[in-house]
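Laboratory data are not the source of any read-out in this text; all were calculated from the coordinates shown. Computed from a predicted model, the values in this text were never measured in an experiment. Don't worry about glycine lacking a Cβ; one is built from the backbone with ideal geometry, like all the others, and counts go over all protein chains shown.
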Amino acid sequence: MVDVQFRFRDDEAVNDPAVTVSAFTEQSNATAVRIEPSDDARDLLPSLDRLALVEVAFPAWTDGRGYSSARILREAGYTGELRATGDLVIDMLHHMRRCGFDAFAPEKPLNTSDAEAAFARWENVYQATVVDGRPPIWAKRHPA
Amino acid sequence: MYKYDEYDQQMVDTRVAEFRDQVRRRLAGELTEDQFKPLRLQNGLYLQLHAYMLRVAVPYGTMNSAQMKMLGDIADKYDRGYGHFTTRTNIQYNWIKLEDTPDALADLAKVEMHAIQTSGNCIRNISSDQYAGASADEVVDPRPYAELLRQWSSFHPEFLVLPRKFKIAVIASEIDRAAMRLHDIGINLVKNDAGEVGAEFYVGGGMGRTPFVAKKIKDFVPIDQMVTYAEACVRVYNRYGRRDNKYKARIKILVHELGLEAYSKEVDAEFAHLLTQPIEPPLAELERIQAMFVDPAFETGLSDDLDLSDPDFRLWVERNTFAHKAPGYVIANVSLKPIGGIPGDATSDQIRLMAELAKDYSFDELRVTHAQNIVFPHVKKNDLYTLWQKLEKADLSTPNLDTVGDIIACPGLDYCSLANARSIPVAQKISERFGTAERQAEIGELKLKISGCINACGHHHAGHIGILGVDKKGKENYQLLLGGSEGADTSLAKITGPGFDEDGVVDATEKAIDVYLANKQGDERFLDTYRRIGMAPFKEAIYG
């Protein structure tokens, strides 16, 4: 297992071994699961309340299915750790945060100061994603 | 026209800073070319055969004169004094140096321009009707809706690495001037019986090696749900679009393989869910944008008369202008297809001149068309002759809009690292072969489109006559196609038979045109005659 390099949560890190989605649906005591790009995140929705960790695998960062998986879980109310693992690149970190990832375990450690600059880069955003709680630009233009 | 506020400006400035940092890391060796490639592609920077190519976005094809002037200045400062307008209504520079790109982007940001998402597997520049806001046949001005979608799609966190590129067009007219049904998503703005504006959605169109005409998926999405519906369409695509083969990764393949009904069912489920999420900007945001697209202050009481005693002017007026919604005004097209020229190219001086003329004669506005031409949308008829004279001096008055000389062509093997064959020399030879005004008048409307490889950037599938360059045992070979169209009657062209060499395809084109002229009835265009008589007589003449 690769180390978590960046984590945006205050709770205790979960170190349970993550099982596959198909194993999880059969194994009622697992609390950590790993989603591969071809898995359907919706399969987890009935059991979100017993999950403490969802790992989303990025075998290649250019495969963007994990972004949808992350948002689907967060939109369904998942509040546990959502960890991106694998081929992570600095320039996508900010966008991954916006999709709901709050822990990052890159295969090859990233340059810390470049990564921190990337996380902080975008002061404003055009879209509302319920998962990051940030008001989009249109909301700032039209305060309620 | 849309004007940035502090937020829009900040987004573009932030992108410039981010890109500057990426280039720094690349030049310092912190990023390999493999790592840098997907990053630079999100910002319109390609590595071509000879140099880097930078593609600058012209959102929905609309620009003011300061923006156009900057495009000319950038051509001088960072390139070789010219630029190439593209079928995505963008402009690209073919000789950019990597280390100069951050400065070029900073210059663009000064006039509210950028290269964001002009390439890469993300939502690309949104195109629209080049006559938006000027023609009488539109339901509404489609550009505010396109701007709303531009903001939604810019840095969309979930959709930056889709299976493949994703193109959206927004129109609001029965006469489709933007090839809407050849887009991944096509939106046609319509009014329902109650007079409310809504969005008719099409999905799964596209050219490339497997062309499809988009299918209608929804008759009427209420306008305050348009962004959410688009989000549902793209999310389903992001999750299920094929990623095992990049040639089967566009949404057209997903829609084809799943079937429209199954895809539509997935979208409906996603849409129902997303409507519970705060996706949709409030109507006040659309109204804020619309307020910037109000009509310019047209004068009233103007005459519609034009002095057409100058025969060259008359020819240009007949060929290159289009009726305007306001009395006394006209829409004027500048053909970037001089006889024997390179389709879509303009020199920095020509670009600056057009900027100047837009300021003086078109309420500071210009449009880029997907046919690689420029439009002055609002010209007073009183000024038209003066405007034409100034264009003529700069070799910008070729009277060939929508004729055989108005060729769409991709850059081809002269520039592009993907191409199998050159497109430009074929375009030049055809343009010369049919170059005289008499010949063009005799042939009338004929849309000819040339691609230098099966990726179809030159839209050959949608040409009344299409030409496709392929590689045949190491030699450039050209296939001829007939019967494509990109308008309200969109159809895909069919291949005539075995290919030709460069001169052979020009001869075959002429034979096809001769068949048309011999068989034409009444006012039929080439396309009409082809549709009536079918492929056989053309094949007979070309191969018999």
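If you take every DSSP beta bridge whose two residues both sit in chain A, what share of them, in percent to the nearest 5, is antiparallel? Before the final figure, lay out the partial values.
Values: 2 of 18 bridges.
Close to 10 percent.
By DSSP, the beta bridges lying fully in the stretch B:408-543 are antiparallel in about 65 percent of cases. Highest mobility in the GNM of chain A, judged by mean-square fluctuation with C-alpha springs under 10 Å and restricted to A:D114, A:D11, A:D63, is found for A:D11. In terms of distances greater than 19 angstrom between alpha carbons, the cross-link table entries B:K218/B:K265; B:K69/B:K167; B:K77/B:K97; B:K69/B:K449; B:K390/B:K447; B:K191/B:K265 yield B:K69/B:K167; B:K69/B:K449; B:K390/B:K447; B:K191/B:K265.
Percent relative contact order of the stretch B:6-110, based on C-alpha pairs within less than 8 angstrom and at least six residues apart?
On the way: 109 pairs, mean separation 31.7, N = 105.
Reported as a whole number, the value is 30 percent.
Evaluate the relative contact order of chain B (contact order divided by residue number), counting alpha-carbon pairs under 8 angstrom at least 6 apart; express in whole percent. Mind showing how you got there, number by number?
Details: 1178 pairs, mean separation 69.1, N = 544.
Relative contact order of chain B: 13 percent.
Oblate is the label for the stretch B:1-111, because the ratio a/c of its alpha-carbon gyration tensor axes (a ≥ b ≥ c) is 1.5 or higher and a/b is not greater than b/c.
Enter the mean number of other protein chain beta carbons within 10 Å of the beta carbon of each residue in A:122-134, as an integer. Kindly include the intermediate steps, with their values, before the conclusion.
Values: counts 7, 4, 6, 6, 12, 14, 7, 6, 4, 3, 1, 0, 0.
Going residue by residue through A:122-134 and averaging, the value is 5.
Give me the distance between the Cα centres of the stretch B:102-161 and the stretch B:1-63, rounded to whole Å. A separation of 14 Å, based on Cα centres. In loop segments of the stretch B:406-497 as defined by DSSP, the trypsin sites (Lys or Arg not before Pro) with at most 15 further C-beta atoms inside 10 Å of their C-beta are B:K473.
A DSSP coil position with no more than 12 other Cβ atoms inside 10 Å describes none of the trypsin sites (Lys or Arg not before Pro) in the stretch A:78-121.
If you keep only loop residues by DSSP, which trypsin sites (Lys or Arg not before Pro) in the stretch B:96-165 have at most 14 other Cβ atoms within 10 Å of their Cβ?
Values: sites: B:K97, B:K110, B:R124, B:R150, B:R164, B:K165; in loops: B:K97, B:R124, B:R164, B:K165.
Answer in residue order: B:K97.
Positive end of the dipole of the stretch B:134-291 (Cβ unit charges, origin at the Cα centre): among B:M180, B:G206, B:Y263, the Cα lying farthest that way belongs to B:G206. The mean sequence separation of alpha-carbon pairs under 8 Å and at least six residues apart, normalised by the residue count of the stretch B:311-393, gives a relative contact order of 31 percent.
Rounded to the nearest 5, what is the percent of antiparallel bridges among the DSSP beta bridges in the protein assembly as shown? Don't skip to the answer; put the middle values down first.
Details: 53 of 82 bridges.
Given both bridge residues lie in the protein assembly as shown, the antiparallel proportion sits at roughly 65 percent.
Just rank B:S65, B:S309, fewest to most, by other beta-carbon atoms within 10 angstrom.
Working: B:S65 21, B:S309 8.
Fewest to most other Cβ atoms nearby, the residues stand as B:S309, B:S65.
If you put +1 on each Lys and Arg Cβ and -1 on each Asp and Glu Cβ, how big is the dipole of the stretch B:16-80 around its Cα centre, in Debye rounded to 20?
Numbers: 10 positive and 8 negative charges, 12 e Å.
For this selection, approximately 60 debye.
Please arrange B:T276, B:T403, A:T62 by how many other C-beta atoms lie within 10 Å of their C-beta, fewest to most. Numbers along the way, then the final one.
Details: B:T276 10, B:T403 24, A:T62 19.
Fewest-to-most Cβ neighbours within 10 Å comes out as B:T276, A:T62, B:T403.
Taken over the protein assembly as shown, the alpha-carbon convex hull comes to 167 cubic angstrom per residue. Per-residue mean of foreign Cβ neighbours for A:67-73 is 5 (Cβ atoms of other chains, 10 Å radius).
What net charge is computed for the residues neighbouring B:E200, neighbours being all others with C-beta under 15 Å from the C-beta of B:E200, Lys and Arg scored +1, Asp and Glu -1? It would help to have the intermediate numbers written out before the result.
Working: positive: B:R181, B:K191, B:K215, B:K216, B:K218; negative: B:D129, B:E138, B:E174, B:D176, B:D193, B:E196, B:D219.
So the surrounding residues net to -2.
Distance between the 7 Å Cα→Cβ label points at B:D349 and A:A117: 4.2 nm. In a reduced charge model with +1 at each Lys and Arg Cβ and -1 at each Asp and Glu Cβ, the stretch B:311-393 shows a dipole moment near 200 debye about its Cα centre. When the protein assembly as shown is described by a simple charge dipole with +1 on each Lys and Arg Cβ and -1 on each Asp and Glu Cβ, the residue from A:T85, B:N373, A:A23 located farthest towards its positive end is A:A23.
In the stretch B:392-437, a dipole from Cβ-located charges (positive for Lys and Arg, negative for Asp and Glu) runs towards its positive end, and of B:P399, B:S417, B:S431 it is B:S417 whose Cα lies farthest in that direction. Sort the stretch A:105-144 into rounded, prolate or oblate with this rule: let a ≥ b ≥ c be the square roots of the eigenvalues of the Cα gyration tensor; rounded if a/c is under 1.5, and if a/c is not under 1.5, prolate when a/b is larger than b/c, oblate otherwise. Prolate is the answer for the stretch A:105-144, as a/c is 1.5 or above and a/b outweighs b/c.
Would you list B:E99, B:E438 from fewest to most Cβ contacts within 10 Å? The partial results should precede the final answer.
On the way: B:E99 12, B:E438 7.
The fewest-first ordering by Cβ neighbours comes to B:E438, B:E99.
Taking a ≥ b ≥ c as the square roots of the eigenvalues of the Cα gyration tensor, an a/c ratio below 1.5 marks chain B as rounded.
The charge dipole of chain A, taken about the Cα centre with unit charges on the Cβ atoms of Lys, Arg (+1) and Asp, Glu (-1), comes to about 640 debye, rounded to the nearest 20.
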